[in-house]
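Report on the following structure.
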Amino acid sequence: MGDGNGVSLLSQAPAYASECSHEYDGVLMPKIMPARCIESVRNFKVRDDDLFLTTYPKSGTTWVQQIVLLIHHDGDKSKLEGKHIFKMVPFIEAVEGMNKDNADTARMQSEIADEMPSPRILKTQLPPRWLPPSVYDGSKGKVIYIARNPKDMMVSYFHFCKMTVNLPTYESWDVFFEEFMADRVPRGSWFDSVLYWWKRKDDPLVLFIKFEDMKKDLKVAVKQISEFMGKSFSNETIEGIVESSTFDAMKKNKNSNPDSLPQLQANESQKKTFLRKGVVGDWMNFFSDEQNARFDAVYKEKMAGSGLDFVFLQE
Ligand code: A3P
């Protein structure tokens, strides 16, 4: 029950949220991530050489997915041709095909992952406490966590919700903002996610990177990720990976741009693009002064003493 007082989150959320969401253990979740899939992740057989890409939604998951796949293939772009990057990395809490209308019966992506040869690259955006115990306690599996300043993440999430039939189409930014502040948007609390992984930032199995740092210097980020994956490349290879991972390059490449995927075909009047702006500071165009002050007060309280800070405007 959502608020701990016996009131469900779904009954408080806008009515249309129930068309595509369900409630699991106090968190609103998309129907394409049904209880059986979430539970399969808890029982997932983690291998020593697994690499998990972990984020709160809209924080740069796809960006890092592209980079990690290129690194995995030693910078050879041709290995990423002919197949979409979403199909190369199982999203372990989701059903195959990401279609909410057959989510009760579709194959689980965790099962697809079970059959993959090692080393595996896997994606998850689950609240940390629902992860496989060995990932949560740090005994097995490497994790790259990508964090993004929460204001830009929220704006990105608001737009993404309009794009996909798998998330509620909030009628306005103001409605989305209130739902977010009440911890009622799908996937739970951003603070819980980011603060848990920040605490583990010095764990040798964890690489904690920020979207804004990648924007500032993508080459440094690519080197850092390569090193974490145990690879050492020539300058030329690193530069090739950077070139194929810029916003423009990914947008132009049909195998890294998710727009063509069926789960992202919203009704035409809502048509948006996944690689929307890819910038730091777009929140300024959406947050009112009052919303900004309210968000800042919560942010200050929840982040106090963590030592984690974010860049909110392009430097
Ligand atoms: P915007 O909506 O602000 O443009 P995720 O993959 O976690 O869903 O995150 C999506 C966000 O990352 C979108 O943000 C998208 O544009 C941005 N993004 C994806 N690839 C990027 C890239 N190569 N450079 C900058 N931003 C990128």
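The values are calculated or read from the model by the stated rules, or taken from the named source; none is laboratory data. This one's a predicted model, so the numbers in the text were calculated from it and none came from an experiment. Positions of Cβ are backbone-derived with ideal geometry, glycine not excepted, and every protein chain shown enters the neighbour counts. Areas reflect the complete protein model, heavy atoms only, side chains present, ligands, DNA and RNA absent. Shrake-Rupley method; radii C 1.70, N 1.55, O 1.52, S 1.80 Å.
Miscellaneous remarks
- Beta carbons closer than 7 Å, at least 6 apart along the sequence or on distinct chains, pair a first residue in region 231-259 that is touching a residue at least 24 places away in the same chain (Cβ under 8 Å) and within 17 Å of GLU81 (Cα to Cα) with a second that is within 8 Å of the ligand (Cβ to nearest atom) and β-branched (Val, Ile, Thr) for PRO258/THR62.
- Taken over region 124-138, the criterion of being within 16 Å of the ligand (Cβ to nearest atom) and open to solvent by 10 Å² or more (accessible area, probe 1.4 Å) is satisfied by GLN125, PRO127.
- Within region 95-120, the set of residues being touching a strand residue (DSSP E or B) at 6+ places or on another chain (Cβ under 8 Å), closer than 20 Å to VAL68 by Cβ and open to solvent by less than 10 Å² (accessible area, probe 1.4 Å) comprises ALA113, ARG120.
- Search result, residues across region 85-104 that are of a type in the set (Phe, Trp, Tyr) and at pLDDT 95 or above: PHE91
- Within region 139-165, restricting attention to residues that are modelled with pLDDT of 95 or more and more than 11 Å from the ligand (Cβ to nearest atom), the residue that is nearest to the chain's Cα centre (by Cα) is TYR145.
- Residues being acidic (Asp, Glu) and open to solvent by less than 10 Å² (accessible area, probe 1.4 Å) - total across region 149-206: 1
- Near pairs, Cβ below 9 angstrom, 6+ apart or cross-chain, from region 287-315 (under 20 Å from VAL175 (Cβ atoms)) to any residue that is assigned to a loop (DSSP other than H, G, I, E, B) and not small (Gly, Ala, Ser): PHE295/PHE287
- Screening the candidates LYS100, LYS77, LYS123, LYS142 for the property of being in contact (Cβ under 8 Å) with a residue 24 or more places away in the chain, among the basic types (Lys, Arg), at negative phi and in contact with a Lys or Arg (Cβ under 6 Å, 6 or more places away or on another chain) yields one hit, LYS100.
- Considering region 251-271, and only residues there that are more than 18 Å from PRO168 (Cα to Cα) and open to solvent by 40 Å² or more (accessible area, probe 1.4 Å), the residue that is modelled with the lowest pLDDT turns out to be SER260.
- Flag for THR237 being near the ligand (Cβ under 9 Å from one of its atoms) and either of a type in the set (Lys, Arg) or open to solvent by less than 80 Å² (accessible area, probe 1.4 Å) (or both): no
- Inter-residue pairs, beta-carbon under 7 Å, first open to solvent by 60 Å² or more (accessible area, probe 1.4 Å) and in region 272-285, second more than 7 Å from the ligand (Cβ to nearest atom), 6+ apart: LYS272/LYS162; LYS272/MET163
- The set of residues from region 179-231 being within 16 Å of the ligand (Cβ to nearest atom), part of a loop (DSSP other than H, G, I, E, B) and small (Gly, Ala, Ser) comprises just one member, GLY188.
- Of the strands (runs of 3 or more DSSP E) lying entirely inside region 1-118, those carrying at least 2 residues that are out of contact with any Gly (no Cβ under 9 Å at 6 or more places or on another chain) are 21-24, 51-55.
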